[in-house]
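Before anything else, here's the structure in question.
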Amino acid sequence: MTTAPARKAAETDDGLADFGYSQTLSRSVGKFASFAAGISYISILTGTFQLFYFGFGTGGAAYWWSWPLVFAGQFMVALSFAELAARYPVAGSVYNWSKRLAGPAVSWLAGWMMFAASVVSLAAVALALQLTLPQIWSGFQLIGDVADPGDAAVNGVLLGSALIVFTTVVNAMGVKLMARINSAGVFLELIAAVAIIVGLAFNIVNPPSVLLDTHGAGAGAPGGYFSVFLVAALASSYVMYGFDTASSLGEETIDPRRNAPSAVLNAVLASFVLGGLILLLIILAAPNLSDPAMADKSGGGQWVLMVVFGGGFGRLALIAIALAVVVCLLAVHTAAIRLMFAMARDNALPAGATLARIDPVRKTPVVPAVVIGVVAIVTLVAGIGAPEVFTALTSVAIIMIYLAYLLVTVPMLVKRLRGQWPDGQQKGYFSLGRFGLPVNILAVLWGAGMTVNLIWPRAEVYGSGWLKWIGFLFIGVVALGGLCWFLLRGRHQLGCLPEHRASAGHEAS
């Protein structure tokens, strides 16, 4: 018997033909699965615990205030993206949105920057397993001693590579399997997040006033604590992004014009509430805020959980964090695949026809899943020989994502200022209406400000010597190298591949 959602999916392509494309992907992602894709990319348990040591170690307990600050700015971006998700429910969100707003060169650069950042991010997220699994069970330290930095690095690459192989296989099997695993993982992650919050709340030992304690950070530094706070705020900035993943699955989501915008916004809101409470309660429940383990990469938030909850519940919490890493990596991999597919379908990448090929049975682009997985593993292995460079590159990757977002919000603002953006609601779908212009302006100002803060050459973020400038160097090479290929060759072959082109009678909007 055919279900109502299946009938609806079969009866409509949600206007995809109006953008010049035929429906080649499987439209089977439901409302919760769409939300799960967005929130699992943000991954509150992965990001908050992976980066707590950096934020706290840099700015003390007062660094917590960066969380609501970053949320406020990113929510302006999310609101803008939600409006775009309702108008353009097409795969590869950032790339296709920019194409509708600015044109081929800008959109190609947005997609290229986002793609390069996604591959590096995939490798970085995979390494997070090393921070958690050996604390759950020493047997996960397959190579040497966890206390030895060299052994830990090699073991991290081994665990991370195994996880990337897993996400590659899942994504190659099709979006239905990916959505089921991701949704189940997110459901368990949300339950675990609430359990951790409740557990920590019953073990508070510090008064709320500690949130104003800078622990002496910034004393004597130019700009005082504010300059330190800007660095500590990176711990929050490194977490709250990737919410556009929900809309990147637009061609596979049932009723995407309604489901994708709400998924984007709900993912950001849920992450803000749960992540903010977790960070707050880690600080309030920590038995000793002066303990060096609070600011140690191998300690941090995970250490607080083990101390507060003890062996049993503490290990369960760490298992939940490990599960969050898995679904986060699955979402990052999925988003990168959709982006590569969207660009390849427009013949905007080398070997576009091969990369855009859809498996006739699984209805998913298999080649991008494998290519991205292999490149991510190679990146992981290469990072063993130069760990400082790899760590710096993971920070640079996040800058590239913020830049890709700006390549959407800036052209969107230009459209509004020129009076080319309709403010009224279209067919009842999500619209900012008269609030669109101020929200868009704030999104651009926030994105520009955070990009400057992220790329600023700081030894405590990127390392000393030439590494301080790696943001400018790497982004410059990626952007200029990519644009050279596009301008010299890529733009001359640009156009939707015949096998993905909408049938006669439809024109791209």
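The values are calculated or read from the model by the stated rules, or taken from the named source; none is laboratory data. None of the values given here were measured: they were computed from a predicted structure. When we count neighbours, we look across all protein chains shown, and the Cβ atoms used for this are built from the backbone with ideal geometry, even at glycine. Accessible surface areas use protein heavy atoms only, side chains included; no ligands, DNA or RNA. Shrake-Rupley method; radii C 1.70, N 1.55, O 1.52, S 1.80 Å.
Can you tell me which of 316-324, 340-348 comes out highest on packing, and rank the rest after it, using the mean Cβ neighbours within 10 Å?
Highest to lowest by the protection proxy: 340-348, 316-324.
Return the long-range amide H neighbours of residue 501 (sequence gap of 5 or more, or a different chain), with a cut-off of under 5 Å between placed amide H atoms.
Distant-sequence amide H within range of residue 501: 22.
A follow-up question, please. Leaving ligands, DNA and RNA out of it, rank 434, 315 by accessible area with a 1.4 Å probe, largest first. Intermediate results must be reported in sequence, preceding the final value.
Numbers: 434 195, 315 100 Å².
Ranked list, largest accessible area first: 434, 315.
Once amide H atoms are placed 1.01 Å from N in the peptide plane, what residues at a sequence separation of 5 or more from residue 29, or on another chain, have their amide H within under 5 Å of its amide H?
253, 254
As an exercise, use a Förster radius of 35 Å and the Cβ-Cβ distance of residue 485 and residue 381 to find the FRET efficiency, rounded to the nearest 0.05.
0.85
Determine the gain in length on full extension of the stretch residue 18-residue 492; use 0.36 nm per residue of separation and subtract their C-alpha separation, reporting nm with one decimal.
This chain segment gains 168.3 nm when fully extended.
Moving on. Leaving ligands, DNA and RNA out of it, work out the accessible area of residue 212 with a 1.4 Å probe and give it in Å² to the nearest 10.
130 Å²
Also: What 222 nm value per residue comes from the helices of the chain, counting each DSSP H run with n ≥ 4 as -39,500 (n - 2.57) and dividing by all residues, nearest 500 deg cm²/dmol? Walk me through the numbers on the way to the answer.
Numbers: 20 runs with 340 residues, N = 509.
Per the formula, -22500 deg cm²/dmol.
Measure nothing but the geometry: give the 0 to 90° angle between the long axis through the Cα atoms of 175-201 and the longest principal axis through the Cα atoms of the chain, rounded to 10°.
30 degrees
I would also like to ask the following. Please give the helix 300-345 orientation as an angle from the longest Cα principal axis of the chain, in degrees from 0 to 90, rounded to the nearest 10.
The two axes meet at around 20 degrees.
On to the next question. With Cα Rg over 2.2 N^0.38 Å as the read-out, I listed (i) 0.94; (ii) 1.18; (iii) 1.07; which label goes with the value calculated from this structure?
After the calculation, the listed value that fits is (i).
Also, I was wondering about something else. For each pair in 363/415; 176/415; 99/176; 176/297, compute the distance between the two Cα atoms and list the pairs where it is over 32 Å.
363/415; 176/415; 176/297
So what's segment 123-235 giving for Rg/Rh, alpha carbon basis, Kirkwood Rh from the mean inverse pair distance?
Rg divided by Rh gives 1.09.
Moving on to the next point. So how much accessible area does residue 21 have, in Å² to the nearest 10, using a 1.4 Å probe?
10 Å²
Full extension from residue 464 to residue 204: what is 0.36 nm times the residue separation minus their Cα-Cα distance, to one decimal in nm?
Length gained, residue 464 through residue 204: 89.8 nm.
While we're looking at this one, here's another question. With a 1.4 Å probe and all protein chains left in place, how much accessible area per residue does the chain have, in Å²?
Working: 19370 Å² over 509 residues.
Ligands and nucleic acids excluded, the result is 38 Å² per residue.
Carbon and sulfur atoms: what percent of the 1.4 Å accessible area of the chain do they account for?
So the carbon and sulfur contribution to the accessible surface is 68 percent.
Cα convex hull of segment 366-509: how many Å³ per residue?
It is 191 Å³ per residue.
May I ask you to rank 328, 484 by accessible area, largest first, using a 1.4 Å probe over the protein chains only?
484, 328
In nm, to one decimal, how far is the modelled label at residue 437 from the one at residue 391, with both set 7 Å along Cα→Cβ?
4.7 nm
Continuing with this model, one more query. Could you sort 408, 374 by accessible area so the largest value comes first, with the probe set to 1.4 Å?
Final ranking, largest accessible area leading: 374, 408.
Could you state the number of Å between the C-alpha centres of segment 302-363 and segment 264-297?
22 Å
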